[in-house]
Amino acid sequence: MYQLYGIPEASTELGWEVGLPLLAIVVLLCLAVPVWVALGFGAIGLLVMTDVLPLTLFGEALFSGIDTFALIAIPLFILTGDVLVRSGLSGKLLDVAEATMGSLKTGFGTSTILGCGFFACISGSDAAGAAAVGRITYARLVEAGYPRPYACALVASGACTGILIPPSIAYIIIGLILGISASTLFLAAAVPGVMIMVSIMLTNVVINRRRGYEASDIAFSFQRWLRAVWAGKYALMIPFIILGGIYSGVFTPTEAAAVAVVTTLVIGLLQGTLTLDDFPKMLLSSAKVNGVIVPIIAFALPLAQALAALEVPQTFVQSITAVTEDPTMIVLLMLGIFILAGCVMETTPNIVILAPIMLPLAESIGMNEIHFCIFMVTSLGVGFVTPPLGLNLFVLAGLTGEPVMGIARRAIPYVLSMLAVVLLLAFVPALSLWAIY
């Protein structure tokens, strides 16, 4: 991009002019300054101190970065999740999940995780899933025999599927940043997302066998299952419309999000579970979430352009490959960076900052860009249940009053099982690319 302004390519030798603004970003984040403010100061600092790009680029990038059709899907999917909860459709999804898995020895815990997966197919947000599923299932999990911190850890871990199972806001953002079709990423993410969900289910089964938290003796009833499916037919119809429309090519992700919002609103109004009084509350709730995500994307884009003009990604790749060229070590290094980043910062800023820097490193060992996106988002997803900034941990702590660290300790087995899946995805590309080629 810098060539468009007649500016020569930057040297790969980076000095204090680059390091100081980047250090300022880190310091501001440690001081709990809002992420978008820290990124904005860092971007301005880079542009002023290096002269690599005109300062006027800052304002242009802020506008052009969010003036994108694909970004419209984010507020629409978030609004869909709010409508799903307020209309009671989320409860119907959980009833179907319980009727499906409830006859297992660990039936309600397993059905809670499946319910998180159902919710992920509609909302694309993990925090929304943690709040919605947690409100409905927490008391019943405790009644079934689960200790309170463990019940919170179960829901928090299951809700990680919110950004891993399509449609996912994280995949929309990384696709926008790297110029990859969100529909392609949704298709590639289907199997990895389900693998994560199954790993969480199996972990719960193993822990239950050892500690005997839940011992369901409810026999599976096909009639009960049919009744639950019939009662939840409208709720089940929504993920089929979203994913079916996207995968068949009828809708783009943005169009699918718009259809999902209209469908959930119409169902809620026709069933009488939504009223016009609910609209301001839903819009305000969704606006608060969007007010966090969109400014981060906007202010990260000029920062990413400045880093690209300064050839920071290329310099980073050269520094790493000078130490080791072993693909296994580089994959483990990327995984470590993603896990650490997920522990201290939310997914959106991690994606917009790290994706452009880490993709060249991944490509240097022959990793496909789609495979890289699946690997990165799945790795970052683990960060939602790891302190100090595990968002799902704080959501469940806020709902139940349980200490965050108590929930985090009970979530350790789930973190380990998810990491095992992440490593499998990293070293077996076919799991992410089988449907693409």
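The values are calculated or read from the model by the stated rules, or taken from the named source; none is laboratory data. Predicted model, so just to flag it, every value in this text is computed and none were measured. Backbone-built Cβ (ideal geometry, glycine too); neighbour counts: all protein chains shown. Ligands, DNA and RNA are stripped out before the accessible areas are found, and what is left, the full protein with its side chains, is counted by its heavy atoms. Shrake-Rupley method; radii C 1.70, N 1.55, O 1.52, S 1.80 Å.
Computed values, structure above
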{"item": "All positions within segment 48-63 that are farther than 13 Å from F299 by Cα, assigned to a helix (DSSP H, G or I) and either in contact (Cβ under 8 Å) with a residue 40 or more places away in the chain or open to solvent by less than 40 Å² (accessible area, probe 1.4 Å) (or both)", "result": "T50"}
{"item": "Some residue of segment 213-227 being small (G, A, S) and open to solvent by 60 Å² or more (accessible area, probe 1.4 Å)", "result": "yes"}
{"item": "Some residue of segment 363-381 being more than 30 Å from E311 (Cβ to Cβ) and out of contact with any Gly (no Cβ under 9 Å at 6 or more places or on another chain)", "result": "no"}
{"item": "Positions within segment 301-338 being in a helix (DSSP H, G or I) and under 17 Å from L55 (Cβ atoms), in sequence order", "result": "L301, P302, L303, A304, Q305, A306, L307, A308, A309"}
{"item": "Tally of residues being assigned to a helix (DSSP H, G or I), closer than 18 Å to A188 by Cβ, without any contact (Cβ under 8 Å) to a residue 60 or more places away in the chain and open to solvent by 40 Å² or more (accessible area, probe 1.4 Å) across segment 238-283", "result": "1"}
{"item": "Boolean, T80 is of a type outside the set (D, E, K, R), on the phi < 0 side of the Ramachandran plot and buried (at least 24 other Cβ atoms within 10 Å of the Cβ)", "result": "yes"}
{"item": "Filter result for the condition that a residue is among the small types (G, A, S) and under 20 Å from the mean Cα position of the chain (by Cα), over A73, A97", "result": "A73"}
{"item": "Helices (runs of 4 or more DSSP H) lying entirely in segment 359-437 (those with 3 or more residues that are more than 24 Å from I136 (Cβ to Cβ) and open to solvent by 60 Å² or more (accessible area, probe 1.4 Å))", "result": "412-427"}
{"item": "Residue tally, condition touching a helix residue (DSSP H, G or I) at 6+ places or on another chain (Cβ under 8 Å) and over 14 Å from G381 (Cβ atoms), over segment 405-415", "result": "6"}
{"item": "Failed item in (1) within 15 Å of the chain's Cα centre (by Cα); (2) among the aromatic types (F, W, Y); (3) over 30 Å from E255 (Cα atoms), with F186 passing the rest", "result": "(3)"}
{"item": "Long-range neighbours under 9 Å by Cβ, at least six apart or interchain, first residue under 13 Å from V289 (Cα atoms) within segment 65-94, second among the charged types (D, E, K, R) and at pLDDT 80 or above", "result": "D82/K281"}
{"item": "Unique match (being of a type in the set (S, T, N, Q) and either in contact with a Phe, Trp or Tyr (Cβ under 7 Å, 6 or more places away or on another chain) or closer than 24 Å to R227 by Cα (or both)) among T68, T161, T112, T80", "result": "T112"}
{"item": "Members of segment 322-339 that are over 23 Å from C160 (Cβ atoms) and either of a type in the set (G, A, S) or at pLDDT below 80 (or both)", "result": "A322"}
{"item": "Subset tally (residues that are among the β-branched types (V, I, T) and at pLDDT below 80) for segment 99-135", "result": "4"}
